[in-house]
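See structure below.
The values are calculated or read from the model by the stated rules, or taken from the named source; none is laboratory data. The model shown is predicted, which means the values in this text are computed figures rather than measured ones. Because the Cβ atoms are built from the backbone with ideal geometry, glycine has one as well, and the counts that use them run over all protein chains shown. The accessibility values were calculated without ligands, DNA or RNA, using every heavy atom of the protein model including side chains. Shrake-Rupley method; radii C 1.70, N 1.55, O 1.52, S 1.80 Å.
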Amino acid sequence: MLLRARQFEFIFPRPALVMGIVNVTPDSFSDGGQFLEAKAAVAHGLQLIEQGAEILDIGGESTRPGAVPVSEEEELRRVIPVIAELAGQAKVPISIDTMKPGVARAALEAGASIVNDVAANRSEDSMWRLVAEAGAGYVCMHMQGNPQTMQQHPAYSDVVREIGDFFSERLGRLSHCGMRPEQTILDPGIGFGKTLEHNWELLAGLGKFSRFGRPLLIGVSRKSFLGKVAGPKLENRLPASLACTCLAVEAGAQIIRAHDVAETVQAIRTSEAILGKRLNR
Ligand code: 7PJ
């Protein structure tokens with residue numbers, strides 16, 4: 001299985017990739033103004049690469065439940081200087097986490113190689129056409145609703161089956177927009193319009209998505225559904241995040257999106273050492 005994202009190529013099976021999270025929101029690093037904010041984000045990204053991140057995901061708009069949307073102008077102001085600097089310095093692909101085609105386009109021009117689209121449930125196709133044309137990687141993530149409303153009444157009759165149906169339908173539309181299968185990554189969108197039970201069912205059923213023959217990306221890092229087991233403090237959710245990560249890797253996930261990169265890489269490499277000795281794999 002091949003993943004192509006502009007000049008980058010990954011051939012699977014191979015050790016799972018950790019996608020390190022770089023949030024560029026005013027409160028995420030410092031309130032020292034625009035320049036210091038960008039500088040801190042770049043330094044953080046470089047540190048995540050040293051810790052073993054093989055993709056960096058740069059985001060300027062929070063998509064946590066109920067988060068306030070930011071304007072395109074503000075999102076561009078936050079992320080573009082960081083992407084330009086990291087794309088110049090880093091040897092790993094830079095991903096832009098955005099719902100806006102205008103931000104994706106500017107990010108690709110600044111050197112990004114992957115568009116991480118949490119709004120892949122969109123109805124219009126300009127995002128897909130521009131990603132197809134750039135030959136960039138594309139993360140097709142499932143979300144029920146939008147970040148403002150998604151946690152109000154998540155409802156599925158069979159969450160694993162319905163997300164599988166979503167992937168099938170989207171892969172058809174992506175292809176219609178000129179996207180090559182090698183460009184796409186699938187993500188069930190843990191926490192995006194899902195109850196706690198839906199998230200557990202999805203993590204239990206991940207193996208069902210291998211039939212698409214595309215890399216699977218899973219993002220669980222510090223998410224609020226883990227609070228049920230790990231408590232309310234974000235900084236106490238690492239063990240729960242790593243438990244999900246190891247089981248996701250066992251189920252066939254190839255890309256793990258994480259804040260705590262060094263710890264996540266260690267947990268994954270340990271799991272892979274054991275899985276490599278299993279018979280009948
Ligand atoms: C995800 C994401 C995820 C992808 C966020 C958070 C919310 N992109 N962006 N998958 N989560 N592809 O990190 O808590 O799960 S933002």
Can you run down the residue pairs with Cβ atoms below 8 Å, 6 or more apart or on separate chains, where the first is in the stretch 88-109 and open to solvent by 40 Å² or more (accessible area, probe 1.4 Å) and the partner is within 14 Å of the ligand (Cβ to nearest atom) and not charged (D, E, K, R)? M99/T63; M99/V118; M99/A119
Any helices (runs of 4 or more DSSP H) falling wholly within the stretch 86-183 and containing at least 2 residues that are within 21 Å of D57 (Cα to Cα): 101-109, 126-134
Criterion first (under 30 Å from L174 (Cβ atoms) and surrounded by fewer than 16 Cβ atoms within 10 Å (Cβ to Cβ)) does G276 satisfy it? no
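Quick check, is E85 among the charged types (D, E, K, R), farther than 22 Å from E182 by Cβ and open to solvent by less than 30 Å² (accessible area, probe 1.4 Å)?
The answer is no for E85.
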Can you name every residue in the stretch 152-188 that is over 19 Å from the mean Cα position of the chain (by Cα), within 16 Å of the ligand (Cβ to nearest atom) and open to solvent by 10 Å² or more (accessible area, probe 1.4 Å)? P154
Which condition number does G205 fail, the rest of (1) under 17 Å from the mean Cα position of the chain (by Cα); (2) over 14 Å from G20 (Cα atoms) being met? (1)
Does L48 meet the test of being part of a helix (DSSP H, G or I), within 18 Å of the chain's Cα centre (by Cα) and within 16 Å of the ligand (Cβ to nearest atom)? yes
Tell me, which residue of the stretch 206-245 that is of a type in the set (G, A, S) and surrounded by 21 or more Cβ atoms within 10 Å (Cβ to Cβ) is nearest to the ligand (Cβ to nearest atom)? G219
State which residue is modelled with the highest pLDDT when the search covers only the stretch 123-151 and only residues that are within 16 Å of the ligand (Cβ to nearest atom) and among the hydroxyl-bearing types (S, T, Y). Y138
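Given the condition of a type in the set (V, I, T) and more than 24 Å from T149 (Cα to Cα), answer yes or no: does some residue in the stretch 104-122 qualify?
Taking every residue of the stretch 104-122 in turn, at least one turns out to be of a type in the set (V, I, T) and more than 24 Å from T149 (Cα to Cα).
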In this structure, does I49 turn out to be of a type in the set (A, V, I, L, M, F, W, C), open to solvent by 10 Å² or more (accessible area, probe 1.4 Å) and out of contact with any Lys or Arg (no Cβ under 6 Å at 6 or more places or on another chain)? yes
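Among the residues of the stretch 184-199, which ones are part of a helix (DSSP H, G or I) and either touching a helix residue (DSSP H, G or I) at 6+ places or on another chain (Cβ under 8 Å) or at positive phi (or both)?
Result: L196, H198, N199.
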Residues being in contact (Cβ under 8 Å) with a residue 60 or more places away in the chain, small (G, A, S) and open to solvent by 20 Å² or more (accessible area, probe 1.4 Å): count how many of those fall in the stretch 110-151. 2
